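Here, each number is a calculation from the coordinates, and none is a lab measurement. Keep in mind the model is a prediction, meaning the values are calculated, not measured. We place every Cβ from the backbone using ideal geometry, glycine too, and count neighbours over all the protein chains shown.
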Amino acid sequence: MTDLPQATGKRLGLVIDLDTCVGCHACVTACKAWNTEEGQSPLADTDAHGAHPSGAFLNRVHSYEVTPHDGTAPRIVHFPKSCLHCTDAPCVTVCPTGASWKRAEDGIVLVNEAECIGCGLCAWACPYGAREQDPAQRVMKKCTLCVDRIDNPTLPQIDRIPACVRTCPTGARHFGDLGDPDSAVSRLVADRGGMALMPEQETGPVNRYLPPRDKETELDILAPLLTPVTEGPKGFLGWLDRALEKLG
């Protein structure tokens, strides 16, 4: 089995805003494209448009209809999910070959595919279902936070973030050091009441989710800025009324 390294103060991870995520799957597409075409861990995509498609993904978006406890109207919440880079990662300690490991300098959990035997123990141990076996290579795959981007000094600084974060059209995904209370992501979590996923599992997930805002409250805030709607005749009578006003 594999031991976890001595933790440092730096904890790189994602903050995902469930209020602004629209479920467009741009993050899923960008993740698969980067890892397959540019990255070091290509993902299988077999018979994509056929009767029996199969493949591996490091990031998926699930959509749910949620009914608030106060009885207000249901709403759709789009829930992106990938590896949460847990502080006490059970996927690492259960690995029999040491293929699953954790970087000491920033806490990112990775897989050394050359040592992976595809036994699937890490997927069994992960309570979040964040690992998949590549159906072509028969090794385990997971989110790497695009270490080949963030560690690459030849890229422009704006691109040295995970592909999913760089691509998100609504700015729902944020990347940074959640071990630094003064970082932008940590302040965002504090301001919005960011939450860990399934903390009762005691794995110490680094990623955080920002809860959806109350839509009724948002409408009240914007109400003073909205143009009042004037009630009046509609259809032909409305047109006639406006025409007569111009003549008069």
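With a cut-off of 15 Å between beta carbons, the residues surrounding LEU43 carry a summed charge of -2, where Lys and Arg count +1 and Asp and Glu -1. Helical content of the chain, expressed as a calculated mean residue ellipticity at 222 nm, amounts to -5500 deg cm²/dmol (DSSP H runs of 4 or more residues, -39,500 (n - 2.57) each, divided by residue number, nearest 500). Restricting the trypsin sites (Lys or Arg not before Pro) of the stretch 12-78 to loop positions (DSSP other than H, G, I, E, B) with no more than 15 neighbouring Cβ atoms within 10 Å leaves nothing.
Note that the stretch 140-146 has calculated 3J(HN,Hα) couplings of 7, 10, 7, 4, 10, 6, 6 Hz, one per residue in order, obtained from phi through the Karplus relation 6.51 cos²θ - 1.76 cosθ + 1.60 (θ = phi - 60°); glycine and proline are x. The lysine pair tally for the chain, using Cα distances under 13 Å and a gap of 8 or more places or different chains, is 5. Neighbours of HIS25 by Cβ distance under 14 Å: Lys/Arg scored +1, Asp/Glu scored -1, total +4. Of the GluC sites (Glu not before Pro) found in the stretch 52-124, those in coil by DSSP whose Cβ has at most 11 other Cβ atoms within 10 Å are GLU105. In order along the stretch 156-170, the phi-based Karplus estimate (6.51 cos²θ - 1.76 cosθ + 1.60, θ = phi - 60°) of 3J(HN,Hα) comes to x, 4, 5, 9, 8, 9, x, 4, 5, 6, 5, 8, 3, x, 9 Hz; Gly and Pro are listed as x.
Of the residues ALA104, ALA73, ALA136, the one that moves most in a GNM of the chain with alpha-carbon contacts below 10 Å is ALA73.
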